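Here it is, the structure, as structure tokens.
The values are calculated or read from the model by the stated rules, or taken from the named source; none is laboratory data. Because the structure is predicted, anything quoted here is derived from the model rather than measured. Glycine gets a Cβ as well: all are built from the backbone with ideal geometry, and neighbour counts include every protein chain shown. Ligands, DNA and RNA are stripped out before the accessible areas are found, and what is left, the full protein with its side chains, is counted by its heavy atoms. Shrake-Rupley method; radii C 1.70, N 1.55, O 1.52, S 1.80 Å.
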Amino acid sequence: MSAWISVLVHTPAHAALGPVLTYRFATPLPAGTLVRVPLGKRETLGVVWQDAAHESSGEIDNDKVREIAGVLDTVPPLGEAWQQLMRFSAQYYQRSLGEVALAALPPQLRDLSPLQMQRRLLRSQRGAAKAAKAMALAGEAPQEISPASEAAPSSLEPTLSAEQAAAVGQIAAHDGPFLLFGATGSGKTEVYLHCVQTLLAQDPSAQALVMVPEINLTPQLEARFRERFAPMLGAQAVVSLHSGMTNPQRLAAWLAAHEGSARIVLGTRMAVFASMPQLKFIVVDEEHDPSYKSGEGARYSARDLAVYRGRLQGAKVLLGSATPSLESWHQSRPAAEGGRYQRLLMPGRIGASAQDLPLVRRVDMNHQPRKAIFSLPLLDAIRACVARGEQSMVFLNRRGYAPVLHCADCGWKSECAHCSAFRVFHKADRTLRCHHCGFTERVPRACPGCGNVDIAPLGRGTEQIEEQLEALFTDIRRPNSVSAEFPEGEPVRVARIDADTTRLKGSLQTQLAAVHAGDVDVLVGTQMIAKGHDFRRITLVAAINPDGALFSSDFRAPERLFSLLLQAAGRAGRDATLGKGSEVWIQTFVPTHPLYAALKQHDYPAFAQSQLEEREQAGMPPFSFQALVRAEARSQEAAQAFLNAASANARQDMATWDGWADVLENVTLYSAVPMAIARVANVERAQMLVESPSRGALQRFLAGWQGVLHATRAQPECKGLIRWAIDVDPLAI
């Protein structure tokens, strides 16, 4: 008689079928086995789940149980730790278990049959064998790794500073989790490298996961890890995992991690779900970055899941940042006060100018000409920087030429026809482009409202900043020859790096290489260049018009602004030979604001303390816990009606459930409101905030509320509803 097998498949959270379905197979299969199963009229990938044992009974009609189509037996079963990670993620972030688990697997793995998978593995094995043979012929056989603390330093193993050595010692002596609070340029990456090297020397089978927030930061990190570990472990032992890779590349990297041949995995937030059976060390670099929070599907925080996974698999977890998130900073307070993380301090920079952090200058724009983009002192400083053969960086977190086109006669503005937002003016291709839905049109010859031909841009973007700088520096010439491609006497070169200039594959790497080579004098860009990059020749950083976040309704806006500005400031003076005299210029209309005062002193602890005191008084995270329920509908009325009805039903129905009175007393449901961008692509969006002083109470409420939400969706007043989703621990409200 065939065995009954429980198989996890990808079904939506509201599907009538559960995520775990029953199939037949000739023999029992271990939990975690990958299989191909029929689902409706199609065939899909599934995972044999732990509750796989079944007894023949009348509950299931044996004749209706379908047969498993094939087993991917060339791939080892997924381990219990990985399965538990999927269970926790689905439960905590209120998503279907099948949706979370199957989405965590490489896309190509979901499409291959067992025979195709076998052929793919054979090709991969042949490629690895060829690479190993080539290394052997070249005399580059992998070397045995010695513990970094015992090995003599080489050119690839820089001598640790006193602060680095102290941090490494603390990590070795304790279990963590750790929060490495290090100034920009303090050498956090070398601490990561040193800890990984020590781990791999002590445990021949151990694996390490190192995460960065954005794809554009992976190439330089991968280069450093390969330089350090490829001679010891072989090129195949270091792999990357991120969405910028092709499907075959992602599959090969995932399989290497799953089978254990990849000892080090570098990646973005998706890498937190990689199957790594021997995971012993996790690094989350720039842990404060909001990119670690997914904005679609299961809205998970890779940073928080990394901490959970470390506890699950007995792996040490190291969070690193020069501007930690307030949640992590709060968790790293002394254990006697309830802290769960151990705080490690590295306040100094590496090199002779370790204590010489950039000087922060505040420019009061109230004393500058009314429409001035650049203050006169800043322009003089940039010219002086160019004259010394050094580089400057101008930061503005808004791409395009101008945020909006405007007619002064009738008041027309370049609104998007499909979104409650303006289309941005891009002068390079003379288009108006919506950055939310992508709707693009040519710039009209005259105002569509009144026919006025004198329509003008309002506001500024990086494209306009680049144009203005090029015009201002036409009479300036380079003082020396930095590279053969850009010789002495040529005009000052201004380059721009943002989402518009890096659309083509490889363009970002090419532009960054030009900056590193010295072929750029003034670099203009968005937050894409403000964090993580090691620009050795930049000695001046300028932030243009950062004031908007100071008056935002989002309580997290000051934290994000301080982090972004301090990270941008950290790009200046990273070379010890050039660092003395490096500067950061902040052009602001409110120079006395406490945020800028703390920034001038590079005093993150003081800023964090003031922010935490404000949040505690207001009952905001991390002193409370939040979730957002977002609804999308054909009309704003339908979206809000669904949310308000779900709230009313929760109070009415759940109050009658045994033991739920205390839960409801600890949960606050606010009224439904339109989202900040209420309409995107002709879909209206609303949201409702759910808040509680207890994480446990919030989680229990959300789990119980799921059924109420599903039932509310079927009510007549919610007819126009398209979809709804829960965002636990949201970063934007």
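For Ile722 and Asp63, FRET efficiency with R0 = 30 Å and r from the beta-carbon atoms, rounded to 0.05?
It comes to 0.20.
By how many nm would the segment from Thr510 to Leu359 lengthen if fully extended, with 0.36 nm per residue of separation less the alpha-carbon distance?
51.3 nm
By average Cβ neighbour count within 10 Å, what is the ranking of 63-69, 627-633, 702-708 from highest down?
627-633, 702-708, 63-69
Treating cross-link reach as a plain straight distance, find the lysines whose alpha-carbon is under 27 Å from the alpha-carbon of Lys316, omitting any fewer than eight places away in the same chain.
Partners found: Lys188, Lys280, Lys293, Lys531.
Please state the relative contact order of the stretch 537-662 as a whole percent: Cα pairs under 8 Å, 6+ residues apart?
Averaging sequence separation for qualifying contacts and normalising by length gives 22 percent for the stretch 537-662.
Right, something else. Calculate, for Ile215 and Glu80, the FRET efficiency according to 1/(1 + (r/R0)^6) with r their C-beta to C-beta distance and R0 30 Å; round to the nearest 0.05.
It comes to 0.45.
What order do you get for 208-217, 544-553, 76-85 when each peptide is scored by the mean count of other beta carbon atoms within 10 Å, highest first?
208-217, 76-85, 544-553
When we measure straight from the Cα of Lys64, which lysines land under 23 angstrom away, once same-chain ones fewer than 8 places off are left out?
Here the lysines satisfying the reach criterion relative to Lys64 are Lys41.
Let me ask something else. What does the net charge come to around Trp724 if you take all other residues with beta carbon closer than 13 Å to its beta carbon, with K and R at +1 and D and E at -1?
Net charge around Trp724: +3.
Among the DSSP beta bridges whose two residues both lie in the chain, what percent are antiparallel, rounded to the nearest 5?
Within the chain, antiparallel bridges account for around 50 percent of the total.
Could you give the nm distance between label points at His367 and Ala165, where each point is 7 Å from its Cα heading toward the beta carbon?
Label-label distance for His367 and Ala165, simple model: 4.7 nm.
With a point put 7 Å past each Cα toward its Cβ, work out how far Gln652 is from Arg430 in nm, to one decimal.
Placing both labels 7 Å along Cα→Cβ, they lie 5.9 nm apart.
Students often check this: by mean Cβ neighbours within 10 Å, which of 636-646, 294-304 ranks highest, and how do the rest follow?
636-646, 294-304
Send over the Kirkwood Rh of the stretch 522-574, from the inverse of the averaged 1/r over different Cα pairs, rounded to one decimal Å.
11.9
Further question on the same structure: Over the chain, what is the relative contact order in whole percent, taking alpha-carbon pairs under 8 Å and six or more residues apart?
Here the relative contact order equals 11 percent.
Tell me the Rg and the Dmax, in Å, that the Cα atoms of the chain produce.
Rg and Dmax of the chain, Cα atoms, are 27.8, 88 Å.
If I take the Cα coordinates of the stretch 561-681 and project them onto the principal axes, what are the three extents in Å, biggest first?
The Cα atoms of the stretch 561-681 stretch 69, 39, 27 Å along the principal axes, largest first.
Then there's this: Suppose R0 equals 41 Å; then what is the FRET efficiency for Val453 and Asp380 from their Cβ-Cβ distance, rounded to the nearest 0.05?
E between Val453 and Asp380, to the nearest 0.05, is 0.65.
Mark the label point 7 Å from the Cα of Ser694 along Cα→Cβ and return the residues of the stretch 612-641 whose backbone N is within less than 17 Å of it.
Residues 623-627 fall inside that zone.
Could you do me a favour and compute the accessible area per residue for the chain, 1.4 Å probe, result in Å²?
On a per-residue basis, the chain sits at 44 Å².
Of the heavy-atom accessible surface of the chain (probe 1.4 angstrom), what whole percent is carbon and sulfur?
The value for the chain is 52 percent carbon and sulfur by accessible area.
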